[in-house]
1. Restricting to segment 21-73, give me the number of residues that are under 30 Å from N87 (Cα atoms), outside any loop (DSSP other than H, G, I, E, B) and either touching a Gly at 6+ places or on another chain (Cβ under 7 Å) or not basic (K, R) (or both).
2. Quick check on this structure: which one of Y22, Y90, Y45 is in contact with an Asp or Glu (Cβ under 7 Å, 6 or more places away or on another chain), within 17 Å of F125 (Cβ to Cβ) and not basic (K, R)?
3. Answer yes or no as to whether N111 is within 27 Å of E127 (Cβ to Cβ), surrounded by 13 or more Cβ atoms within 10 Å (Cβ to Cβ) and in contact with a helix residue (DSSP H, G or I) (Cβ under 7 Å, 6 or more places away or on another chain).
4. For segment 63-78, enumerate the residues that are touching a helix residue (DSSP H, G or I) at 6+ places or on another chain (Cβ under 9 Å) and among the hydrophobic types (A, V, I, L, M, F, W, C).
5. How many of the residues making up segment 1-20 are part of a loop (DSSP other than H, G, I, E, B) and touching a residue at least 60 places away in the same chain (Cβ under 8 Å)?
6. Return the residue satisfying two criteria in turn: it lies in segment 99-108 and is at pLDDT 95 or above and either surrounded by 18 or more Cβ atoms within 10 Å (Cβ to Cβ) or not polar (S, T, N, Q) (or both), and of such residues it is farthest from M54 (Cα to Cα).
7. Step by step: first the residues of segment 23-45, then only those that are of a type outside the set (S, T, N, Q) and closer than 16 Å to F89 by Cβ, then the one that is nearest to the chain's Cα centre (by Cα). Which residue is that?
8. Out of everything in segment 55-98 that is within 16 Å of the chain's Cα centre (by Cα) and within 15 Å of A18 (Cβ to Cβ), what residue ends up being surrounded by the fewest Cβ atoms within 10 Å (Cβ to Cβ)?
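The values are calculated or read from the model by the stated rules, or taken from the named source; none is laboratory data. Source: prediction; values computed, not measured. Positions of Cβ are generated from backbone atoms using ideal geometry, with glycine treated the same way; all protein chains shown enter the neighbour counts.
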Amino acid sequence: MAKLESLTPNLMVKDVNATLDYYIKNLGFKLIDTNPESGQFEWGYVMLDNVGMMFQEEKSLKTEYKEIEPLTVGGALTFYIRVNDINNFYNQLPKEVNIIKPMNRTFYGTNEFAIMDLNGFILTFSETPEQI
């Protein structure tokens, strides 16, 4: 039986360079790879610890997948990211980060907050306290 090993979203964006810059400067991600190697990127890949995200320029991705031609950048989805030491991560975010849901304790017992990135994607960061 096959075993799934990882999931790394590849998100359609208007400007890969600006998106990579946002994730690196504001959220602490590290640049892993780009295509091309320099200049105006069509695609880029960043990681922070075990979380990876890829970003691909809209025209490039629509050329690759004709099925998404009518779709726009952004989406009706959220990314749920587990974090250790969430308070430290939250407190280190620069003021430019659009926090759309401040730090809160959920009904299911986790500490969470959510941001919206420059493309309209929502990232929810969550930590389960040890006493749960």
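1. The qualifying residues number 19.
2. Sole residue among the options that is in contact with an Asp or Glu (Cβ under 7 Å, 6 or more places away or on another chain), within 17 Å of F125 (Cβ to Cβ) and not basic (K, R): Y22.
3. It is true that N111 is within 27 Å of E127 (Cβ to Cβ), surrounded by 13 or more Cβ atoms within 10 Å (Cβ to Cβ) and in contact with a helix residue (DSSP H, G or I) (Cβ under 7 Å, 6 or more places away or on another chain).
4. The answer is I68, L71, V73.
5. Keep residues of segment 1-20 that are part of a loop (DSSP other than H, G, I, E, B), which gives 1-9, 14-15.
After this cut, where a residue has to be touching a residue at least 60 places away in the same chain (Cβ under 8 Å) as well, the list is 9, 14.
Number of matching residues: 2.
6. Selected residue: R105.
7. Y23
8. Among residues in segment 55-98 that are within 16 Å of the chain's Cα centre (by Cα) and within 15 Å of A18 (Cβ to Cβ), the one surrounded by the fewest Cβ atoms within 10 Å (Cβ to Cβ) is E96.
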